[in-house]
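Visitor: Here it is, the structure, as structure tokens.
The values are calculated or read from the model by the stated rules, or taken from the named source; none is laboratory data. On a predicted model such as this, the values are computed, not experimentally measured, just so you know. We place every Cβ from the backbone using ideal geometry, glycine too, and count neighbours over all the protein chains shown. The protein model used for the area step is the full one, side chains on, heavy atoms only, and it has no ligands, DNA or RNA in it. Shrake-Rupley method; radii C 1.70, N 1.55, O 1.52, S 1.80 Å.
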Amino acid sequence: MNLSDRPRLRIGYVGVAFTSYFGEEYNQYERAIDGLTTLSESLDFDLVPIRQPVTDIGLAERAAGELRAGDIDYLLIQCATVASGELLPPLASVVPRVGVWGTPDPHQEGPIEIHSLVAVNHYTSIIQRYLGPEGPVYKWFFGHVDDDRFVGRFEITVRALRAIKRMSTARIGWIGGNSPGFYNMNFDEEVVAARLGTRVVAHDFSEIVDLTATIAPDEARTVVDKLAAAASEVLTSDDFMERGARLYLALEEFALSNGYAALAVQCWPKFQEVMGIAPCMAYGWLGSEDGFAVSCEGDVPGALSMLLLNELSDMPGSSTLLDMTALDLAAESMLMWHCGVSPRHFANDDGIRWVDHPTLGRKSSETYGVAGDQVFAAQDATIAYVGDDASELLVVRARIEERDVKGFDGTRGWFTGFELNGEPTELIDLVNTLMVGGHEHHYAVAQGDLTDELLEVAAWLGMRTVDRVTHKEYLQRQGVNV
């Protein structure tokens with residue numbers, strides 16, 4: 001699926017200084033611009049630099065005008081040397097998000113030549129204590145442009161801001177509404193749009209039914225061949241495989257033709273009532289082959305969460321959506337599961353099997369296909385959720401482990417080594433935190449560690465994070481005694 005038309009992040013650069021110091025003599029400006037240009041190529045952003053040093057109010061105001069004209073999303077203000085505080089307000093008014101950056105002196109004795117660290121302290125203090133709520137949100141940096149410490153810290157910012165920008169223009173297609181009784185997945189479309197910029201567009205279920213009927217048989221058969229080749233085993237009917245392939249192609253066309261960045265689709269009971277199938281394979285195939293997020297059960301906040309993780313990640317496939325399903329408290333391990341929707345790139349060496357749905361149709365003569373059946377490979381993972389109308393962000397780092405007890409049929413993995421907001425957390429405390437806080441019962445899961453990026457997204461957007469509620473034996477109530 002072609003995602004190349006997503007908006008690019010634009011970062012501005014300006015260097016400020018006192019002329020009595022040695023910014024030009026130590027090539028502070030060109031060194032910074034050259035290094036940022038290199039980083040712009042590897043980190044995928046556009047650089048809008050002011051090449052002339054800003055050393056007085058007139059130059060600061062002129063630079064601010066040029067930067068506004070450059071339509072930047074973020075401004076990196078380098079204190080090339082110590083600089084006047086009067087230069088900051090014009091520059092700080094350009095965009096609501098800035099970086100304040102300093103570099104070390106070339107020598108640690110003798111006459112001071114750069115004095116940049118004090119300028120960073122001065123400027124962050126002005127933003128916080130003088131500009132206050134009217135000023136920008138800022139992040140400070142210290143180190144030369146090619147120092148590992150600067151690059152690592154800056155890369156997190158680029159990833160976070162890039163995801164925020166893409167989310168701000170994204171549209172999510174919502175097909176068929178929520179599954180019955182999923183009241184905790186309700187959301188306010190206007191509030192979400194105001195906070196993230198993301199628009200949600202509702203569609204009647206009949207639209208995807210009608211589109212699926214138009215898919216050519218030869219196209220579907222080509223997809224079936226690919227599905228079969230990718231699986232370790234196919235344990236469902238060829239008819240179900242072909243109908244699942246038709247749905248995959250219909251959802252792909254639907255997303256592309258409407259310009260959607262993700263979909264939230266009711267997977268039960270409408271697919272069973274109207275089309276006689278389980279849609280899990282189609283959702284998972286979009287995730288593995290197209291890197292495209294599809295949340296099941298009509299969960300729009302889940303789709304937002306999956307999309308955010310996808311935008312932050314360098315992994316080629318999509319994230320997935322799981323339930324918290326079983327606990328082994330003695331081993332500090334939790335089984336996270338869903339009935340067959342996770343993309344195949346999560347699987348261990350046994351791969352994915354295409355099967356009839358493990359729960360739908362049980363205790364009846366009906367079967368519904370197709371779902372995936374896989375055990376996740378051991379790997380680092382990130383658990384997240386954009387909750388409470390995008391005002392809250394759950395951020396959990398974990399490790400998936402392979403165990404002899406493989407977990408329930410479906411797509412699943414055992415998670416351990418939990419950290420909440422980057423801090424180690426016992427499993428019972430994590431579960432207690434989620435239960436006491438009434439957290440939505442879905443969890444988006446991505447491969448790899450995206451903790452820092454998610455926490456930075458929350459900070460830029462003013463989202464609260466989920467704080468730990470230590471488990472106690474007595475009744476704990478949110479806002480009362482926790």
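Visitor: Given the criterion among the acidic types (Asp, Glu), surrounded by 14 or more Cβ atoms within 10 Å (Cβ to Cβ) and either without any contact (Cβ under 8 Å) to a residue 24 or more places away in the chain or assigned to a helix (DSSP H, G or I) (or both), identify the matching residue among Glu190, Glu155.
Guide: Step by step, each of Glu190, Glu155 is checked, and only Glu155 is among the acidic types (Asp, Glu), surrounded by 14 or more Cβ atoms within 10 Å (Cβ to Cβ) and either without any contact (Cβ under 8 Å) to a residue 24 or more places away in the chain or assigned to a helix (DSSP H, G or I) (or both).
Visitor: Give me the residue from region 4-58 that is of a type in the set (Asp, Glu) and under 24 Å from the mean Cα position of the chain (by Cα) and, out of that set, surrounded by the most Cβ atoms within 10 Å (Cβ to Cβ).
Guide: The qualifying residue surrounded by the most Cβ atoms within 10 Å (Cβ to Cβ) is Asp46.
Visitor: For region 121-139, enumerate the residues that are in a helix (DSSP H, G or I) and open to solvent by 10 Å² or more (accessible area, probe 1.4 Å).
Guide: Scanning region 121-139 gives Asn121, His122, Thr124, Ser125, Ile126, Gln128, Arg129, Tyr130, Leu131, Gly132, Pro133, Glu134.
Visitor: Examine region 409-419 for a residue that is more than 27 Å from Cys339 (Cβ to Cβ), hydrophobic (A, V, I, L, M, F, W, C) and in contact (Cβ under 8 Å) with a residue 24 or more places away in the chain, and state whether such a residue exists.
Guide: No, region 409-419 contains no residue that is more than 27 Å from Cys339 (Cβ to Cβ), hydrophobic (A, V, I, L, M, F, W, C) and in contact (Cβ under 8 Å) with a residue 24 or more places away in the chain.
Visitor: Another question, then. Among the candidates Val405, Val469, Val396, Val431, single out the residue that is in a helix (DSSP H, G or I) and either out of contact with any helix residue (DSSP H, G or I) (no Cβ under 8 Å at 6 or more places or on another chain) or buried (at least 17 other Cβ atoms within 10 Å of the Cβ) (or both).
Guide: Checking each option against the conditions leaves just Val431.
Visitor: Which one of these does Glu440 not meet: (1) within 26 Å of Val137 (Cβ to Cβ); (2) assigned to a loop (DSSP other than H, G, I, E, B)?
Guide: In the conditions (1) within 26 Å of Val137 (Cβ to Cβ); (2) assigned to a loop (DSSP other than H, G, I, E, B), Glu440 misses (1) alone.
Visitor: Kindly list the number of the only condition in (1) more than 18 Å from Cys267 (Cβ to Cβ); (2) open to solvent by 20 Å² or more (accessible area, probe 1.4 Å) that fails for Glu366.
Guide: Going through (1) more than 18 Å from Cys267 (Cβ to Cβ); (2) open to solvent by 20 Å² or more (accessible area, probe 1.4 Å) one by one, Glu366 breaks only (1).
Visitor: Going by the structure shown, is Gly417 touching a Ser or Thr at 6+ places or on another chain (Cβ under 7 Å) and surrounded by fewer than 17 Cβ atoms within 10 Å (Cβ to Cβ)?
Guide: So Gly417 fails the test.
Visitor: Something else: Here's a check for you: in region 390-408, which residue that is over 21 Å from the mean Cα position of the chain (by Cα) and touching a residue at least 60 places away in the same chain (Cβ under 8 Å) is nearest to Leu455 (Cα to Cα)?
Guide: Glu401
Visitor: When region 355-376 is examined, which residues are found to be in a strand (DSSP E or B) and not hydrophobic (A, V, I, L, M, F, W, C)?
Guide: Asp356, Gly369, Gly372, Asp373, Gln374
Visitor: Being surrounded by fewer than 21 Cβ atoms within 10 Å (Cβ to Cβ) and either farther than 24 Å from Ser319 by Cα or among the polar types (S, T, N, Q) (or both) narrows it down to one residue among Pro217, Pro269; which is it?
Guide: Pro217
Visitor: Related question: Would you mind telling me which numbered condition in (1) in contact with a Leu (Cβ under 8 Å, 6 or more places away or on another chain); (2) basic (Lys, Arg); (3) assigned to a loop (DSSP other than H, G, I, E, B) Arg412 fails?
Guide: (3)
Visitor: When both residues are 6+ apart or on different chains and their Cβ atoms are under 6 Å apart, which pairs have a first residue that lies in region 222-239 and is without any contact (Cβ under 8 Å) to a residue 40 or more places away in the chain and open to solvent by less than 80 Å² (accessible area, probe 1.4 Å), and a second that is among the charged types (D, E, K, R) and part of a helix (DSSP H, G or I)?
Guide: Once the first residue is without any contact (Cβ under 8 Å) to a residue 40 or more places away in the chain and open to solvent by less than 80 Å² (accessible area, probe 1.4 Å) and sits in region 222-239, its partners that are among the charged types (D, E, K, R) and part of a helix (DSSP H, G or I) give Val224/Glu242.
Visitor: Among the residues of region 298-346, which ones are assigned to a strand (DSSP E or B) and either surrounded by fewer than 23 Cβ atoms within 10 Å (Cβ to Cβ) or touching a Leu at 6+ places or on another chain (Cβ under 9 Å) (or both)?
Guide: Hits for region 298-346 are Asp323, Met324, Thr325, Ala326, Leu327, Asp328, Ser333, Met334, Leu335, Met336, Trp337, His338.
Visitor: Tally up the residues in region 434-454 that are surrounded by fewer than 21 Cβ atoms within 10 Å (Cβ to Cβ), out of contact with any strand residue (DSSP E or B) (no Cβ under 6 Å at 6 or more places or on another chain) and on the phi < 0 side of the Ramachandran plot, please.
Guide: Selection size over region 434-454: 7.
Visitor: Is it the case, given these coordinates, that Val200 is surrounded by 13 or more Cβ atoms within 10 Å (Cβ to Cβ) and assigned to a helix (DSSP H, G or I)?
Guide: no
Visitor: Within region 245-257, work out how many residues are of a type in the set (S, T, N, Q) and under 21 Å from Ser319 (Cβ atoms).
Guide: Selection size over region 245-257: 0.
Visitor: Taking region 420-431 only, how many residues are in contact (Cβ under 8 Å) with a residue 60 or more places away in the chain and acidic (Asp, Glu)?
Guide: Result for region 420-431: 1.
Visitor: Please verify whether Val145 is more than 22 Å from Asn27 (Cβ to Cβ), in a loop (DSSP other than H, G, I, E, B), open to solvent by less than 40 Å² (accessible area, probe 1.4 Å) and out of contact with any His (no Cβ under 7 Å at 6 or more places or on another chain), treating the condition exactly as stated.
Guide: no
Visitor: Pick from region 73-112 the residues that are part of a loop (DSSP other than H, G, I, E, B) and of a type in the set (A, V, I, L, M, F, W, C): which of them is farthest from the chain's Cα centre (by Cα)?
Guide: Selected residue: Ile112.
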